[in-house]
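The values are calculated or read from the model by the stated rules, or taken from the named source; none is laboratory data. Source: prediction; values computed, not measured. All Cβ positions, glycine included, derive from the backbone under ideal geometry; neighbour counts span all protein chains shown. Keep in mind that these areas ignore ligands, DNA and RNA; they rest on the heavy atoms of the full protein, side chains included. Shrake-Rupley method; radii C 1.70, N 1.55, O 1.52, S 1.80 Å.
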Amino acid sequence: MPVEIRTIEPTEFREFAHAMRRVFLVAAPSDDEVEFMRQRFDLSRTWAAFDKRKVVATFHSFPTQLTVPGGIVAADAVTVVTVAPTHRRQGVLTSLMAIDHAEAAARGDAASILISAEWPIYGRFGYGAAADDADYTIDTRAAKISGGYSGTVELCELAELRDDAERIYEQFRLTRPGSIEREPLWWDIKTGITPRPGSTEPVQSALRHRTGRTVDGVVRYHVENNWDNRVPNSTFIVDEMLAATADVERDLWRFCCDLDLVRTIRAVNRSVDEPLTWLFHDGRSVLQTRRGDFLWVRPLNVVALLGGRSYASAGRLVVEVIDPAGYAAGRFAIDSDGSHASCRRVKSRPDLTVGVSALGSICLGGVRLATLRAAGLIDEHRPGALDRGEAMFHSPVVPWCTTGF
């Protein structure tokens, strides 16, 4: 008997949550956790696969805005995707993806986005790795920054950051490709106003930066305390740093590096182009300890996706997109004057041919066309077209998604 795939009823959410946690190898949620999760899920976009009455796969999506170079487009964010080990390789995930992509395309969403648990899974559904993130380790003994403070850095309670952090993030996300919206409850949870039931996250603290009367920078952090033979050797973990300007961010790093009892700073989920090496007198005091894929993009409405962004140089490029599912398939002409751009369907001979997942990788400007051409993922049909596309698609701002989902 085949599995049944459908949206879930309110009474089935507990089983849905347990099934999802089971596959992620996480402890079963308490009743309070289940109720807390249920409040955040739109059940009309929450699917499950049922074998008889047992949930054997989970899938959820939510609407968001995705920042692209020079603009913002509507996106379908996919999360909590699981298939029970007993029901893998039976087409369950393929069916769930097909349902979600059809609905997202019908809504006119420019793309579907997700954070991939494993690299090989999502390329076959048209997703491409589009924005990396990185972790850094800083040795505070050598990490010295010259100059004085441009403002005032002060300790504060985590909840006091809530409104200022949201305001600064909203300014940030409008200009950083790869960024997405954050719902009000996200901020309430992260600042401790609405604690997540059963949370095992470390207790966080906060810093804020003021210039005059304006808060223009914030840091959420926690500390792993450690003493070796009565010598302080603690680690300060930067969970998030948001700053309105480079000067503010420099002040915040300076303050973090000057804290007593801290030997090491770890900064997680940061941009791959952090200026930290050049910020310190000794550039070797900081190491990029990890870099990897984070945000994946699956184009659905190419006219909306490519027409919704700006391009770094003027030009015309006709791109043929190969999409076995059909949503992004076709030939599209991009016309840019260097500030404004348009994208429309055409029948013209293409300059370049790309697969849909390759288009997902390059659409935010963080992956070079030449890199994918060298990997055999882009075909050039006219001499010079690849160089022209490279110049157009380049983004001077490296894509970065700071929000897990």
Please say if the stretch 181-260 is rounded, prolate or oblate, where rounded means a/c under 1.5 for a ≥ b ≥ c the square roots of the C-alpha gyration tensor eigenvalues, and otherwise the choice is prolate for a/b larger than b/c and oblate otherwise? oblate
Assigned charges on the beta-carbon of Lys, Arg, Asp, Glu; the chain dipole about Cα centre (debye): 980 debye
Roughly how many Å is it from the Cα centre of the stretch 199-219 to that of the stretch 127-165, as a whole number? 9 Å
Would any residue of the stretch 214-256 have its amide N under 17 Å from a label point 7 Å out along Cα→Cβ of ASP282? List them or say none. 233-234, 254
Roughly how many percent of the accessible protein surface of the chain is carbon and sulfur, given a 1.4 Å probe and a whole-percent answer? 51 percent
Of VAL297, GLY326, GLY355, which is farthest on the positive side of the dipole of the stretch 292-366, counting Cα position, with +1 on Lys and Arg Cβ, -1 on Asp and Glu Cβ, and the Cα centre as origin? GLY326
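Go through the stretch 83-176 and name the GluC sites (Glu not before Pro) that are in a DSSP coil and have 15 or fewer other Cβ atoms within 10 Å of their Cβ. Present the calculation step by step, with values, prior to reporting the outcome.
Working: sites: GLU103, GLU118, GLU154, GLU157, GLU160, GLU166, GLU170; in loops: GLU118, GLU157.
Here the GluC sites (Glu not before Pro) that fit, given the DSSP loop and packing criteria, are GLU118, GLU157.
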Give the distance, in whole Å, between the Cα centre of the stretch 1-80 and the Cα centre of the stretch 239-309. 30 Å
So how compact is the chain: Cα radius of gyration and Dmax in angstrom? 23.0, 73
Of the chain, which part is the longest with no trypsin sites (Lys or Arg not before Pro) in a loop (DSSP not H, G, I, E, B) and with at most 13 other C-beta atoms within 10 angstrom? 231-346
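Skip the ligands, DNA and RNA, and give the accessible area per residue of the chain with a 1.4 Å probe, whole Å². Could you put the intermediate results ahead of the total?
Details: 18920 Å² over 405 residues.
Value returned for the chain: 47 Å² of accessible area per residue.
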Skipping prolines and chain starts, which residues have an amide H placed within reach, meaning under 5 Å, of the one on THR402, given they are 5 or more residues away or on another chain? ILE180
Rounding to the nearest 20 debye, state how big the charge dipole of the stretch 258-405 is about its Cα centre with +1 on each Lys and Arg Cβ and -1 on each Asp and Glu Cβ. 360 debye
Residues whose placed amide H lies under 5 Å from that of ILE8, excluding near-sequence neighbours: THR46, ALA48
Which of VAL218, ASN229, THR264, positive extreme of dipole for the stretch 216-286 (C-beta unit charges): ASN229
From the Cα gyration tensor of the stretch 151-303, with a ≥ b ≥ c the square roots of its eigenvalues, which class applies: rounded if a/c is under 1.5, or else prolate if a/b is larger than b/c, or else oblate? rounded
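Explain nothing, just the number: dipole magnitude of the stretch 84-166 about its Cα centre with +1 on each Lys and Arg Cβ and -1 on each Asp and Glu Cβ, in debye rounded to the nearest 20.
Working: 7 positive and 14 negative charges, 130 e Å.
Using Cβ point charges on Lys, Arg, Asp and Glu, the stretch 84-166 gives about 620 debye.
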